[in-house]
Amino acid sequence: MKFNTKTIHGGQHNVDPAYGSVMPPIYQTSTYSQTTPGGHKGFEYSRSGNPTRAALERSLASIENGKYGLAFGSGLAAIDAVIKLLNPGDEVISTNDLYGGSYRLFRKVFEKFGIKFHFIGMQEASGIEDYVNNNTKLLWVETPTNPMMNIIDIEACSKIAKKHKLLLAVDNTFATPYLQQPLELGADIVMHSATKYLGGHSDVVMGALIVNDDAIADQLYFIQNASGAVCGPQDSFLVLRGIKTLHLRMQRHCENGELIAKFLATHPKVDKVYWPGFPSHPNHEIAKKQMKSFGGMISFTMKGNTLADAVKVVEKLKIFTLAESLGGVESLAGHPASMTHASIPKEEREKPGVVDSLIRLSVGIEDADDLIEDLKQALS
Ligand SMILES: Cc1ncc(COP(=O)(O)O)c(C=O)c1O
């Protein structure tokens, strides 16, 4: 199957045996009857497995061209499971402008358990090897990065990971498998905040992991069940439904993203526009190589770089909603310094460019003309 077919049918071969329902039923149950101890039909307790979640997990594996999919209660719960593959003393090399919540989990939770994190600029993949030592176990890559839209070369990272026998995990939340498929580029683990584009309608919080390797899958299934951060059947159903239109939504997100990035780039009050589709973007060629198109996430700064100006703009927007999160059908605007990235100290967040006037847009699938008019009036 090709990608668009997979979003609808991938892993969904098991037609409901009871009534032939086209969508999998929402199995809203915590447990399953057994005829004799151990005599069940594949499910015994819904933390360990649930048929609606299993349908979603097969779909996740299918769209990322992976063998195994695992769904979690949030994106952070999925990341938490990956870091639990490690042991005290192990080291992780991560990009330095990743999602603030990932940074907080690494720094404030896992450092306490003796895992060491190096946050570095990964735009030049060759620089990563300077930080590899005998304790290094994992490369954590986010591309495009949140919110600076930096692009990291997944294939180059995979070569480094293989050379030093490291795991390579890629947070594919911004790109989605419609735009890039990290397992095909050599990654071992793909992670999603399914809250975003996979769900696509801002009505569910969920995380996902997709892998190919049997041993890594076994360990992750063990952690998923042992730590228990699973999602419920209703949420599984919603994300499964969301995935069925992922390709259509992403196509429009990309079209609208391009129009808005180009509009912002010519606006007299706008200073810098961060969007990997511009030939002037430092890693535009890598983006072209590993992504099908450039997505609907855009960040920009205002001339003068004052917090007050940025706040005024986001307050005046009418169609763009000022809100955390991204990837839904509706356009959202955010102010990373005070919202998504507030958990990163100011000196640390300003290094990669998360300055006071930075505004992040998640461009939705409304009419682009309406979105541009909205930005025009807010910037005026
Ligand atoms: C790139 C990225 N990764 C991970 C997460 C965390 O996901 P969740 O909010 O579903 O826990 C987010 C949330 O915004 C994100 O943007």
- Item | Condition met for residue 338 (hydroxyl-bearing (Ser, Thr, Tyr), exposed (fewer than 15 other Cβ atoms within 10 Å of the Cβ) and modelled with pLDDT under 95) | yes
- Query: in a strand (DSSP E or B) and within 19 Å of the chain's Cα centre (by Cα): does that describe residue 326?
  - Reply: no
- Task: Scan 93, 79 and give me the residue that is part of a strand (DSSP E or B), under 25 Å from residue 349 (Cβ atoms) and not charged (D, E, K, R).
- Result: 93
- Message: I'd like the residue in the stretch 100-134 that is aliphatic (A, V, I, L, M) and crowded, with 17+ Cβ neighbours inside 10 Å and, out of all such residues, is nearest to residue 157 (Cα to Cα).
- Response: 125
- Query: Is there a residue being part of a strand (DSSP E or B), under 28 Å from residue 107 (Cα atoms) and touching a residue at least 24 places away in the same chain (Cβ under 8 Å) anywhere in the stretch 361-370?
  - Reply: yes
- Please go through the stretch 347-360 and pick out each residue that is part of a loop (DSSP other than H, G, I, E, B) and in contact with a helix residue (DSSP H, G or I) (Cβ under 8 Å, 6 or more places away or on another chain). 356, 357, 358
- Query: How many residues does the stretch 78-99 contain that are open to solvent by less than 20 Å² (accessible area, probe 1.4 Å), within 11 Å of the ligand (Cβ to nearest atom) and of a type outside the set (S, T, N, Q)?
  - Reply: 4
- Message: Checking the structure you have, find out if any residue of the stretch 245-252 is more than 14 Å from the chain's Cα centre (by Cα), within 15 Å of the ligand (Cβ to nearest atom) and under 22 Å from residue 67 (Cα atoms).
- Response: no
- Take the residues of the stretch 270-291 that are small (Gly, Ala, Ser) and part of a loop (DSSP other than H, G, I, E, B): which is farthest from residue 313 (Cα to Cα)? 280
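The values are calculated or read from the model by the stated rules, or taken from the named source; none is laboratory data. The shown structure was predicted, so the numbers you read here are calculated from the model rather than taken from an experiment. So basically every Cβ, Gly included, is an ideal-geometry build from the backbone, and we count neighbours across all protein chains shown. Note: accessible area is taken over every heavy atom of the protein model, side chains too, but ligands, DNA and RNA are not part of it. Shrake-Rupley method; radii C 1.70, N 1.55, O 1.52, S 1.80 Å.
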